[in-house]
4 protein chains.
Amino acid sequence: MKPRRLFGCLLATALLAVAAPVSPQAPVAPARQAVIDELVVANHILANEGVVDGYGHVSVRSPVNPNRYFLARAGAPALVAAADITEYDLDSKPVTNTSATGYTERFIHGEIYKARPDVMAAVHCHCLEVIPFAATSVPLRPMYHMGYFIGEGVPVFDIRRVASITDMLIETPELGRALAQTLGNKSAALMRGHGAAVVATSLHLVVGKAYYLNVNARLQLQAMQLGGGNVTYLDPEEAKKAAQTYERSWDFWKSRLPRN
Amino acid sequence: MKPRRLFGCLLATALLAVAAPVSPQAPVAPARQAVIDELVVANHILANEGVVDGYGHVSVRSPVNPNRYFLARAGAPALVAAADITEYDLDSKPVTNTSATGYTERFIHGEIYKARPDVMAAVHCHCLEVIPFAATSVPLRPMYHMGYFIGEGVPVFDIRRVASITDMLIETPELGRALAQTLGNKSAALMRGHGAAVVATSLHLVVGKAYYLNVNARLQLQAMQLGGGNVTYLDPEEAKKAAQTYERSWDFWKSRLPRN
Amino acid sequence: MKPRRLFGCLLATALLAVAAPVSPQAPVAPARQAVIDELVVANHILANEGVVDGYGHVSVRSPVNPNRYFLARAGAPALVAAADITEYDLDSKPVTNTSATGYTERFIHGEIYKARPDVMAAVHCHCLEVIPFAATSVPLRPMYHMGYFIGEGVPVFDIRRVASITDMLIETPELGRALAQTLGNKSAALMRGHGAAVVATSLHLVVGKAYYLNVNARLQLQAMQLGGGNVTYLDPEEAKKAAQTYERSWDFWKSRLPRN
Amino acid sequence: MKPRRLFGCLLATALLAVAAPVSPQAPVAPARQAVIDELVVANHILANEGVVDGYGHVSVRSPVNPNRYFLARAGAPALVAAADITEYDLDSKPVTNTSATGYTERFIHGEIYKARPDVMAAVHCHCLEVIPFAATSVPLRPMYHMGYFIGEGVPVFDIRRVASITDMLIETPELGRALAQTLGNKSAALMRGHGAAVVATSLHLVVGKAYYLNVNARLQLQAMQLGGGNVTYLDPEEAKKAAQTYERSWDFWKSRLPRN
């Protein structure tokens, strides 16, 4: 399913839900709860597979209102429970859980959702293998089909170019917008001295992209050590054709979660 | 036991099973079920030892009919159960489980079984350590006796040479045949921008070869970093003599599987 | 909270505890036990996250008496229990558990607490990723905000400069003082052919610093392999601003401890 | 305790046991069983810590008869049970479990025990980090005190120098003797295209040496990548002084074994 189509489909669902003369919440609640439950699983998978550690976060756009997104309140992803999931408007102001402390960097999510109607889910991580790439001028390139989206190019955001000396964090709407601008229409942007932002048209897809972004970075470093300048990356057209759903990865990663 | 002898032995068993005036299925069912059960274990081992992740697959030729092979229906190897195992003919058409979705790349298996009567089992993996080698012109070489079969040479299959721009997958009989041709009479072929195909005369052996292909690749990269051009690989004759059964590895890996 | 302020606060608590006409021990015992319990957790986390193996240790200054510190008796950090925690004076003489065998290198802790009133907790580890840096003249540099404190500089202590040929261990007050002198006002010092000493204003913070010191070292090696001399480290001013509490890491690591 | 002294002590115990008019077996059985139980634990630790995989073995000289040693029958170390432990004479002929299949490479152990009266325990492993060193002319050097014994020098055994083209295995007394000769009075010898042999004056010590031999190899590769030719290794005299018992490692590793 293509991004535009998925978005349109979800938008239609949302509009229907709003327009139809239904009892309040009854029809939308199941979809809302389902996406919250999946978001909890996404948090746990990212931690269990080493894409995030105690820090990092993952969000999903509301399936019933494209001007809202869900994100846990501030805390370690591995420990997120459904009750921690907060609904935000696109200015990253909490609509639910208003007394809870939010991630100071939630503007990464809000501003990307504003700028990119096709994006339905986003991850921010300090994924280790990409940090060295974010610190050099060596561009990430797609090593294999699982990293297909890297063929779009992975721009590097340098916070210093827009805000001089900072604590490196995306703590304002302005910084979020600047990051979204660097991201452009790509799947991922590296953040110099910090990590990465990854987006996709679904939660499963963004988890897969974040995971394989990291794996691909390791493979590329090894290939460059092995072959020097003579590394054959996926051709940009191959990369486009090789689009993945990562659905089997999701099933696999979910099955590996520690049982409580 | 040599490949030819093993194959002959299994073939004889199969012919006997067909020729003898026995009650239908009674004599062949145990062997069939046993190999299916082993194939489930092989799936779990490959996932648990990191040779495959959510993607990749392993097949085994039918012990009672050399024109058939067993392969799970599409899904993550770690989650494969006996009921998922499907019997295919060598054109990779399902004979059982006909309503299930098969791996789109099952032609890797079918076409290799056609081209290589000695092959009784095959693995397709995106094994991480070999991807950098598949992206360069550096040939894999045997670092130690556990990687003995690498002494035969490990050809690299570039799908672009036979099919121009693709999604990198072996989704047709033609592509399967081209891969089998590149594989030739070897134990393994790398697939540029994709992974590897590994074959052997038994299921235990193919699991061992896939595992140690990956380990050997890592060791070779390290050795080249350490010694530059001065790395001593196994002599081709040493490699031949050093053939392994990997039976102890199988026992070890099986004992490490998570208990349900 | 700044080091000085924290220290002043704890000192005040301690003085009050001593000065006030309270029933002996009643008011101070809870704080004392709480810090001992946290120290046990810190030991387990460091072992579980691979910062220490069978060797290495972590201490915390007494919350009720700045001239005392707590450190387990000699043993593997993973196996430390509350009963193993010993109270030492700053000359590293045991005040409790006097019949137990102490770490021969406890002078690392005692002498640093003497020299650095701001330090409330210390780790000594053979953290693997830093050993290569301790063996070369390549200085550690901050790769990302999680390694912010590396921006202060990480001096390398060479025991040979102060004591000629030794067994490499800090087994005397004199060697402890020499190490503390090399450490100066920094967060960490590497120890040539040995490991590192890491300090902080709290137990949670020192565990985080030790962990990310190790991670940062690995990232830096990778970045240097990737970019050669063209690696962009955090600007010293960025590093200062990027100070972390690592509280979410602590929660995450604690949740990952094996349950007995 | 020095090797010679330990050996003398054990020898004396053995002689006493033989000479004293005691009921047969009664006094010696406990020591014998204790060492067998420890050998089982050593097998499990080596597998659990990744020093061996499905292959590799560890032996210990009999505490009651220096002309005997204990070694499991052929099998994966992780799966060894007390009943698998076989007593061998120094010609590597089984004295117990005579109907069981022994490791074909047991001559590594027997011939080393013959040549080295000080050796009380031996490990043979395909420890991964040392294989690249065994394939190059780069000598292993001690990176830190935990690898102190590497300061003695780690010779590399090339089976081709004594036996031309082989399957790389030490399957005869002659090859065992040649390996023992290369080992000389050192703690470890690498085996080209194969792995390593490690010896020590006790079972705990040999497990520690095998483990840290492997770790040190990884650290040295990293240091050489970082510092090129400018790596500071332990001074030979430092290495001598830095002798370890690894007792805390043993406790730690034992605590990490999976519970049945």
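The values are calculated or read from the model by the stated rules, or taken from the named source; none is laboratory data. Only a predicted model underlies this, so the values are computations on that prediction, with no experimental measurement involved. Glycine gets a Cβ as well: all are built from the backbone with ideal geometry, and neighbour counts include every protein chain shown. Heavy atoms of the whole protein, side chains included, go into the accessibility calculation; ligands, DNA and RNA do not. Shrake-Rupley method; radii C 1.70, N 1.55, O 1.52, S 1.80 Å.
Remarks
- Normalised per residue, the accessible area of the protein assembly as shown is 38 Å², obtained with a 1.4 Å probe and no contribution from ligands, DNA or RNA.
- With respect to chain D, whose longest principal axis is taken over its alpha-carbon atoms, helix D:173-183 is tilted by about 50°.
- Inter-copy separations for C:Thr172, label at 7 Å along Cα-Cβ, nm, ascending: 5.6, 5.7, 8.0
- Note on chain C: helix-only mean residue ellipticity at 222 nm, from DSSP H runs of 4+ residues weighted -39500 (n - 2.57) and normalised by residue number, equals -12500 deg cm²/dmol.
- C versus A: buried accessible surface, summed, Å² (probe 1.4 Å, to nearest 100): 2800
- Between 0 and 90 degrees, the angle of helix B:203-227 with respect to the longest Cα principal axis of chain B falls at about 10 degrees.
- Span from the segment C:36-71 Cα centroid across to the segment D:129-159 one, whole angstrom: 34
- Sulfur and carbon atoms: percent of accessible area, segment B:151-260 [1.4 Å]: 47
- For the protein assembly as shown: rounded, prolate or oblate by the Cα gyration tensor [a/c cutoff 1.5]: oblate
- Here chain D is assigned +1 on the Cβ of each Lys and Arg and -1 on the Cβ of each Asp and Glu. Its dipole about the Cα centre then comes out at about 360 debye.
- Distance from the B-onto-D rotation axis is smallest for the Cβ of the chain B residue given, in whole Å, as B:Gln225, 5.
- Among beta bridges identified by DSSP and lying wholly in chain B, the antiparallel ones come to about 90 percent.
- For segment C:194-245: rounded, prolate or oblate by the Cα gyration tensor [a/c cutoff 1.5]: oblate
- Pairwise label distance in nanometres, D:Ser99 with B:Lys93, each label 7 Å out on the Cα-Cβ vector: 5.3
- Under the combined filter of DSSP loop state and at most 11 neighbouring Cβ atoms within 10 Å, segment D:137-231 retains none of its chymotrypsin sites (Phe, Trp or Tyr not before Pro).
- Per residue of peptide C:162-168, the mean number of Cβ atoms on other chains within 10 Å of the residue Cβ is 5.
- Distance from the Cα centroid of segment C:198-260 to that of segment A:198-256 is 26 Å (rounded to whole angstrom).
- Probe 1.4 Å - accessible area at C:Arg68, Å² to nearest ten: 70
- Unsatisfied cross-links (Cα-Cα over 18 Å) in the set B:Lys186/B:Lys240; A:Lys209/C:Lys209; C:Lys114/C:Lys209; A:Lys209/A:Lys254; B:Lys209/B:Lys241: A:Lys209/C:Lys209; C:Lys114/C:Lys209
- Relative contact order %, chain A, counting alpha carbon pairs below 8 Å whose residues are six or more apart: 20
- At 7 Å out from Cα toward Cβ: C:Thr96 inter-copy label distances (nm, ascending): 4.6, 4.6, 6.5
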